[in-house]
1. Which of A:Leu272, A:Leu200, A:Leu76 ends up with the largest GNM mean-square fluctuation for chain A, with Cα atoms connected below 10 Å?
2. So, in Å, what gap is there between the alpha-carbon centers of segment B:196-267 and segment B:79-126?
3. Step through the residues of segment B:255-265 one at a time and calculate ³J(HN,Hα) from phi using the Karplus curve (6.51 cos²θ - 1.76 cosθ + 1.60, θ = phi - 60°), rounding each to whole Hz and writing x for Gly and Pro.
4. Return a whole-number percent for the relative contact order of chain A, with Cα pairs under 8 Å and 6 or more residues apart as the contact set.
5. Just tell me how shielded A:162-168 is by partners: mean number of partner chain Cβ atoms within 10 Å of each residue's Cβ, no decimals.
6. Once amide H atoms are built 1.01 Å from N in the peptide plane, which residues 5 or more positions from A:Glu159, or in another chain, come under 5 Å H to H?
7. Please report the Cα spread of segment A:74-204 along all three principal axes, rounded to whole Å, starting with the longest.
8. Please find the FRET efficiency linking A:Gln129 to A:Ala151, where r is the Cβ-Cβ separation and R0 is fixed at 22 Å, and quote it to the nearest 0.05.
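A short reminder: the numbers here are calculations on the coordinates, not readings from a lab. All values derive from a computational prediction rather than experimental measurement. Counting neighbours? That spans all protein chains shown, and the Cβs are built from the backbone with ideal geometry, glycine included.
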Amino acid sequence: MTDLTMGPIYYLWDGPKWRDFYLRIADEAPVDRVVLGETVCSKRQHFIEPHLVEVVERLERAGKTVVFSSLALVTLERESRIIRDLIDNSDHQIEVNDLSAIGLIKGRRHLIGPLVNVYNSATARLLAQRGAERICLPPELPFTSVSQIAADGTPVTLEVFGFGRIPLAISARCAHARSKGKTKDNCQFVCGEEPDGLSLKTLERQSFLVLNGVQTMSHTCQALLLELEEIRNAGIRSLRLSPQDCDMVGVAKIFREALDGLIDPQSALHQLGAIYPMVPFSNGFHHAKEGAAWIARAKSAASAR
Amino acid sequence: MELICPAGTPAAFRQAVDAGADAVYCGFRDETNARNFPGLNFSREELREAIAYGRRNDYQTFVALNTFMRAGDEEIWYRAASDAVNLGADALILADFGLMAHVRERYPEQRLHVSVQASASNPEAINFLVEAFEAKRVVLPRTLTIADIARIKRKVSCEIEIFVFGGLCVMAEGRCSLSSYATGKSPNMNGVCSPASHVRYRKEGTLMLSELGEFTINKFGPGEAAGYPTLCKGRFDIGDASGYAFEDPISLDVMGEIEALKAAGVSALKIEGRQRGKAYVAEVVSTLREALSTEPAARGPLLARLKAMSEGQRTTAGAYEKRWR
């Protein structure tokens, strides 16, 4: 059985939009696990706090496992404190996204998010020894590596990044604020104006990336549907859906039905395109190609090795 | 403070040592290090000679094995570590936890430094690396201010090394897949960023376009120097405006802050540029060496000479200064 994880929302959504999103996920989305909480920028944390208790309660009542996400980039004293508080005070499992949390959480059961560099089973094993039970592998990782890590029998549940714009980079500098004539320290939360990222195009007007505060994401949306069978056959037990500003309940239903064999991958892809129409799909990383690429006929990566 | 200098070739290595490096860092001629460029780096035999040359002159040699091991091919990295240890490397510079664990277990006496590619940007992260792998030194990512560095140093038990001059990563190092998104090749997996194999210059009327893979990274008018299309230093459109969305084609220079770095407790200053020629290495190293041994008030002309050697003759203190954010 392959389960589904709803990853954290990387974008800044205002409190009510954030709350409504999760209440609907709780009621309608066939996902097993929901990872919650600000992951990209510590300045944003207060937007969701008034709604956190209600959302957690509703998700749990619906039978979802709730996991709290830790910050991806920790440089300030205040950010270190946030990580410490999260680990000390949370009675939920935590998904770790940077090295400070790996250090502090030693010995407690936890998850490793896709922003931690796990490229091989030696690293996965080390993290498992320290208490990691589940690792969402980095989106950049080709399937040859994914299947090798699985084949090595590392004692963790492995997850791959199945749907969403790909988190590609993070910086101390906020390019998003900068594009609007502001700096990170005086940003006035302008990243909230683009709930699905701010489009960055080449000078030839080709869509390329999107800015999300200090994070840079792909313009394309990674969609691993044609690859589900080989992913499952490799022993990967979980798929991550990363929230975009589209009907994520619909996205979750499509992935669930495709995993259950209720719809074939091509129709699933067709339906997915209708839900998130303005953004092209990519699967290049999976096939060890450019991440932006779309490989239409999935040749078995394992046999290409 | 020690001066840690780059060497992409044996000739640059000797130049760096002769110009006054305290330590030189280099890598093997393969994907085990983050400057895996054609024609660059060291064979086993060249490294043996380089280490011996350093020893005779009382300088240290650090070997960078700072890419992430490809699953199933870990042996390539393990062999590189074994060879570097046996050849007498004074320190291994590592980024991959799996490789750190391996080195710690197999070579308990080997000095281990944490590469900037590991992205240890806070005291808890550094303490984890010290506790788990007995790291003796951490190269900090270029995401911190000097005040941040001072605060971190007070809370950790290992040495701190920072980049002071040369190329500037805009993104947190070791956490960037922009290059592989456009080309399939990344710093973490292949030891390359925006690789030359995927670069194309194309003329369009009077304009020169630089492209990386399928994407245009910059356009230059007549008389404008067509720079190398490093992805994060490109010109892009956001809304109706065009410009350098992440950073200008500019390089790092914080040598103006030597005293503040010393006060912050920094042990070693690192120069980027293993891909640079030996003349550049010799010039930069000797100038920095001279600056370090000159009274602060008299450093001005030396620092001006450095600026002339920078990319586009323009420099920034980057994240070391808070306003950069």
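1. A:Leu76
2. About 31 Å separates the Cα centre of segment B:196-267 from the one of segment B:79-126.
3. Once θ is set to phi - 60°, the couplings for segment B:255-265 become 5, x, 10, 3, 5, 5, 5, 4, 5, 6, x Hz.
4. About 19 percent, as a whole number.
5. Details: counts 0, 0, 0, 0, 2, 2, 11.
Average neighbour count from other chains, rounded to a whole number: 2.
6. Residues meeting the criterion, in which the H sits 1.01 Å from N, are A:Ile135, A:Cys136, A:Leu137.
7. 49, 41, 20
8. Working: r = 19 Å, r/R0 = 0.87.
E(calc), rounded to 0.05, equals 0.70.
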